[in-house]
């Protein structure tokens with residue numbers, strides 16, 4: 001079983017905000033267009049994106065995304081962290097691009 | 001001589017539960033979970049010309065008790081810890097794998113239900129079985145531990161569904177109500193508020209997650225459409241025990257070509273909107289796909305979209 005906590009342990013991934021560390025992650029979606037994420041991401045998933053703003057958390061909360069991974073060194077603004085705290089969504093920040101992050105999380109999910 | 005044996009009906013009786021009046025959910029699990037869902041796929045294998053010493057070191061390094069010997073994707077045999085101990089005892093640890101591997105193997109097929117694997121472990125005293133696909137290629141290994149893990153995970157899901165089904169009763173008094181929310185043009189700060197409130201309400205009322213998800217998607221997309229494309233408007237949610245009707249009204253400027261707007265990927269959003277992650281051209285198509293009923297009318301004075309989500313339809317499937 002993959003938990004949010006285990007994703008946080010990835011080397012080079014900084015936890016900007018911890019939601020519920022014990023939440024289970026069963027799938028992952030990579031995308032920067034929120035409607036696309038909205039329509040396709042599954043519940044209990046990780047989202048890999050460069051959209052570092054509050055609306056990403058709204059989408060995450062609505063579809064049941066448990067952890068948002070911000071790529072390419074983007075950092076989360078304070079209002080995004082505040083929203084994430086309220087909704088129990090975890091935010092990770094990494095210098096990896098979306099491809100590398102997807103690859104690493106696919107490995108954690110046992111998909112490789 | 002290498003021989004693989006696949007045994008079908010003969011050992012089916014060795015599952016430790018009966019198959020005529022056990023709970024359907026358990027029987028379904030052991031027949032529905034395929035061996036390929038449970039097996040370990042990341043295999044460490046060696047070629048037939050590897051020495052037993054190399055295999056011994058590999059076992060030590062990777063903490064393995066058995067390693068398949070292969071030629072490409074084709075399984076030739078297995079070397080187990082016992083074979084290594086024998087080799088050390090009798091002084092042939094420098095020999096190659098092909099000389100001493102177990103060739104007479106019992107194998108499973110990846111499409112078989114997990115019940116086969118359970119009965120195999122009962123019938124044969126091996127600790128692991130190689131798994132082949134239809135083309136007789138080695139695709140995995142299965143151990144009792146793999147079976148325990150996959151059964152536990154699937155049982156967990158199945159029981160959670162059963163519990164949800166049991167506890168799901170709509171309280172008619174709570175649900176008959178109308179909620180409305182004002183949505184302002186380009187107000188990305190408050191965007192998502194209406195959807196979040198509606199989602200929380202459905203959750204509190206105890207609706208199944210899949211229905212809530214559909215309602216949330218429809219509502220969020222309609223809300224964002226008002227924020228992104230219109231002069232402002234409102235979201236009205238009418239709840240009844242049977243359905244949720246979400247109406248999105250705005251004050252214009254209207255959609256020039258409604259049919260185009262319903263096409264996936266078509267968007268009029270500018271660069272700024274896109275930089276915020278909107279304007280994928282998936283909004284209205286997403287609403288349409290999650291709605292049981294959907295209608296849209298648009299003129300210069302404004303656009304009105306109505307999305308209906310049946311709350312009781314096919315509850316069994318939704319749960």
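The values are calculated or read from the model by the stated rules, or taken from the named source; none is laboratory data. Keep in mind the model is a prediction, meaning the values are calculated, not measured. Here the Cβ positions follow ideal geometry from the backbone for every residue, glycine too, while neighbour counts run over all protein chains shown.
Brief remarks on what is shown
- Residue within segment A:86-99 that is buried (at least 24 other Cβ atoms within 10 Å of the Cβ), in contact with a helix residue (DSSP H, G or I) (Cβ under 6 Å, 6 or more places away or on another chain) and modelled with pLDDT under 95 present: no
- For segment B:238-253, the tally of residues that are crowded, with 24+ Cβ neighbours inside 10 Å and either within 11 Å of chain A (Cβ to nearest Cβ) or more than 14 Å from residue B:291 (Cα to Cα) (or both) stands at 1.
- Checking segment A:45-58 against the condition returns no match, with no residue being within 14 Å of another protein chain (Cβ to nearest Cβ), surrounded by fewer than 24 Cβ atoms within 10 Å (Cβ to Cβ) and on the phi > 0 side of the Ramachandran plot.
- Residue in segment B:307-319 that is over 26 Å from the mean Cα position of the chain (by Cα), at pLDDT 85 or above and either more than 13 Å from chain A (Cβ to nearest Cβ) or surrounded by 17 or more Cβ atoms within 10 Å (Cβ to Cβ) (or both) present: yes
- Given (1) without any contact (Cβ under 8 Å) to a residue 24 or more places away in the chain; (2) out of contact with any strand residue (DSSP E or B) (no Cβ under 7 Å at 6 or more places or on another chain); (3) within 9 Å of another protein chain (Cβ to nearest Cβ); (4) more than 19 Å from residue A:1 (Cβ to Cβ), index of the condition residue A:38 fails: (1)
- None of A:65, A:91 is closer than 21 Å to residue B:220 by Cβ and within 14 Å of chain B (Cβ to nearest Cβ) except A:65.
- Among the numbered conditions (1) closer than 19 Å to residue A:56 by Cβ; (2) in contact (Cβ under 8 Å) with a residue 12 or more places away in the chain, the only one that residue B:158 does not meet is (1).
- Looking across B:289, B:275, one residue alone is within 25 Å of residue A:64 (Cβ to Cβ), within 14 Å of chain A (Cβ to nearest Cβ) and surrounded by fewer than 15 Cβ atoms within 10 Å (Cβ to Cβ). It is B:289.
- The lone exception for residue B:289 - which of (1) out of contact with any strand residue (DSSP E or B) (no Cβ under 6 Å at 6 or more places or on another chain); (2) farther than 30 Å from residue B:160 by Cβ; (3) at pLDDT 90 or above it fails: (2)
- In segment B:254-264, the residue that is nearest to the chain's Cα centre (by Cα) out of those that are surrounded by 10 or more Cβ atoms within 10 Å (Cβ to Cβ) and either without any contact (Cβ under 8 Å) to a residue 24 or more places away in the chain or not in a loop (DSSP other than H, G, I, E, B) (or both) is B:264.
- In the set (1) in contact with a strand residue (DSSP E or B) (Cβ under 6 Å, 6 or more places away or on another chain); (2) at pLDDT 90 or above, residue B:243 fails one condition alone, (2).
- Against the list (1) within 11 Å of chain A (Cβ to nearest Cβ); (2) farther than 23 Å from residue B:164 by Cβ, the condition residue B:260 fails is (1).
- Residue match in segment A:17-24 (condition: under 24 Å from residue B:279 (Cβ atoms), more than 7 Å from every other protein chain (Cβ to nearest Cβ) and touching a helix residue (DSSP H, G or I) at 6+ places or on another chain (Cβ under 9 Å)): no
- Residue pairs whose Cβ atoms lie under 7 Å apart, separated by 6 or more positions or on different chains, with the first residue in segment B:36-56 and within 14 Å of chain A (Cβ to nearest Cβ) and the second in a helix (DSSP H, G or I), are B:37/B:150; B:38/B:114; B:38/B:146; B:38/B:147; B:38/B:150; B:39/B:146; B:40/B:146.
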